[in-house]
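Okay, structure first, notes after.
The values are calculated or read from the model by the stated rules, or taken from the named source; none is laboratory data. What you see is a predicted model; the values in this text were computed from it and never measured. Don't worry about glycine lacking a Cβ; one is built from the backbone with ideal geometry, like all the others, and counts go over all protein chains shown. To get the accessible areas, we keep the full protein, side chains included, count just its heavy atoms, and leave off ligands, DNA and RNA. Shrake-Rupley method; radii C 1.70, N 1.55, O 1.52, S 1.80 Å.
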Amino acid sequence: MTLGSLCCRLALALVALLPALPLAATGQPVEALVVEAEMLDGSPYSLADHKGEVTLISVWSPESLSSRKSIWELQRFAASAQSRGVYTLAASTLKEKTALRQFIAARKLSLPVAVLGNHSLGNFDEGKLPIVYVFDRDGKLRATHAGLFSMAVLERLVAPLLTSKVRSCEATI
């Protein structure tokens, strides 16, 4: 094996690992993680603006079967968690706002939906969507979940952050 071949294999291995890195990077402050989006009404969203509250962001796509199956659970969770101080956002990787609005309207969804913009969460493989990120009140990433999820999974992800005793706990499901 030549040195060039070895370097090429190492570079390919590193590229293959990059999408998994954000899921392991819990505990980073909001200044280190950038998540910006454009709400369907055109207003801007920034994770930095939600410091002080627990925030759950589900990165999804209407084109992903797992995302379509999980969106109802996210809707239910958002409705119940809002009264407990949890902000929930469905951040779509689909950039076509008209198609996204049609998807939302056809399913009569009422949770906050945005088109994902500038972010430092890594690359998203359609097969791994949806991916849930949970940030604590200090803006630190505390939990992640990739793939199909239920309301019970979302509850387990945020529960430790809703009590002041266990506020700094990290969880990954």
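Converting phi to 3J(HN,Hα) with the Karplus coefficients 6.51, -1.76 and 1.60 and the offset θ = phi - 60°, the stretch 43-58 yields 6, x, 10, 9, 4, 4, 6, 10, 4, x, 9, 5, 10, 10, 10, 9 Hz in sequence order, with x at every glycine or proline. Straight-line reach from Lys51: which lysines have a Cα under 23 Å away, not including same-chain ones fewer than 8 places off? Partners within reach: Lys140, Lys165. Couplings for the stretch 101-107, taken from phi via the Karplus curve 6.51 cos²θ - 1.76 cosθ + 1.60 with θ = phi - 60°, read 4, 5, 4, 5, 5, 4, 9 Hz in order; Gly and Pro are left as x.
Approximating the spin labels as points 7 Å out from Cα along Cα→Cβ, the Arg107-to-Ser80 distance works out to 1.8 nm. Amide H to amide H distances under 5 Å link Ser92 with Trp60, Ala114, Val115, Leu116, where only residues 5 or more positions off or on other chains count and H is placed in the peptide plane. Within a straight-line Cα-Cα reach of under 25 Å, Lys97 can be paired with the following lysines, leaving aside sequence neighbours fewer than 8 residues apart in one chain: Lys69, Lys108, Lys128.
What nm value, rounded to one decimal, do you get for the distance between Glu96 and Val153 when each label is placed 7 Å out toward the C-beta? About 2.7 nm, to one decimal.
Run the simple label-point estimate for Asp41 and Leu65 please: 7 Å along Cα→C-beta, distance reported in nm. About 3.6 nm separates the two model spin labels. Annotation: Glu38 carries an accessible surface of approximately 80 Å², with a 1.4 Å probe and no ligand, DNA or RNA atoms counted.
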